[in-house]
Amino acid sequence: MSIDFLISTLNSVENPKRINRNKAANIVLEHTELIEHLVNLTFKTEDKISIKASWILEWICTHHGIDYLLPYIETFINNIKNIHFDGVLRTCAKICEHLAIAFDDKLPNNTKETLTNNHIDTIIETGFDWLITDQKIAVKAYTMTTLFLLGKHRDWVHSELEHIVRTKVIHESKGCEARGKKILALIHKRNNS
């Protein structure tokens, strides 16, 4: 299957309703060679097709497993700092959270074997950028969880995360306040154990 077929599939997705994302994701999963094109289209930062591509990529990672992204992790990691459409930021922040959850899992898995120190550092750096800039609540919520989980593997992250959450994030909205308090409690619990 070609990228033109994928673009046609994405153009047929009218909105991000579950049924539409699921249908498009199933088409991609029937032709897994399309996943590489899906990742590339997610980062066509000046083209609105990137929004629909990111919806489907995030659906696949959430409902079918993060392993589908791993062969294209370089493309994903190298481009997350360049995105600017709100819809793409939200989905990529959620995918980063999935990566962090898998990386922090106690059991061996493909994510732990695939992610390098550079990948983790880039996710952390990008996450802090997302927290200190004007982003939607969902981006900040997913990012706080990502940074907390990856901060278990990088000593300095929790102190920086705690500072930004206390001084900035929890004052931005009720949603940010709720997630921020949860993250602060997790950091406090970890520090006291």
- Query: Mind checking which pairs have a first residue in segment 167-193 that is more than 19 Å from W156 (Cβ to Cβ) and in a helix (DSSP H, G or I) and a second that is open to solvent by 100 Å² or more (accessible area, probe 1.4 Å) and not aromatic (F, W, Y), Cβ under 7 Å, 6 or more apart or different chains?
  - Reply: I170/K181
- In the set L99, L10, which member is open to solvent by less than 10 Å² (accessible area, probe 1.4 Å) and under 17 Å from the mean Cα position of the chain (by Cα)? L99
- Residues in segment 22-41 that are open to solvent by 20 Å² or more (accessible area, probe 1.4 Å), assigned to a helix (DSSP H, G or I) and either at pLDDT below 95 or more than 18 Å from L89 (Cα to Cα) (or both): how many? 8
- Just for helices (runs of 4 or more DSSP H) wholly inside segment 108-157: which have at least 1 residues that are among the hydrophobic types (A, V, I, L, M, F, W, C) and farther than 19 Å from F76 by Cα? 117-132, 137-151
- Message: Anything in segment 42-90 that is part of a helix (DSSP H, G or I), open to solvent by less than 50 Å² (accessible area, probe 1.4 Å) and within 23 Å of K152 (Cα to Cα)? List them, or say none.
- Response: C61, T62, I66, L70, I73, F76, I77, I80
- Pick out the one residue from G87, G65 that is closer than 24 Å to T114 by Cα and under 17 Å from the mean Cα position of the chain (by Cα). G65
- Message: Residue under question is K140, and the condition is that it be within 19 Å of H171 (Cβ to Cβ), among the basic types (K, R), open to solvent by 70 Å² or more (accessible area, probe 1.4 Å) and touching a helix residue (DSSP H, G or I) at 6+ places or on another chain (Cβ under 9 Å); does it hold?
- Response: no
- Message: Based on this model, can you work out whether I164 counts as assigned to a helix (DSSP H, G or I) and modelled with pLDDT under 95?
- Response: no
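The values are calculated or read from the model by the stated rules, or taken from the named source; none is laboratory data. Being a predicted model, the structure only gives us computed values, none of them experimental. Neighbour counts are summed over all protein chains in view; Cβ atoms, including those assigned to glycine, are modelled from backbone coordinates with ideal geometry. Note: areas computed on protein heavy atoms with side chains; ligands, DNA, RNA excluded. Shrake-Rupley method; radii C 1.70, N 1.55, O 1.52, S 1.80 Å.
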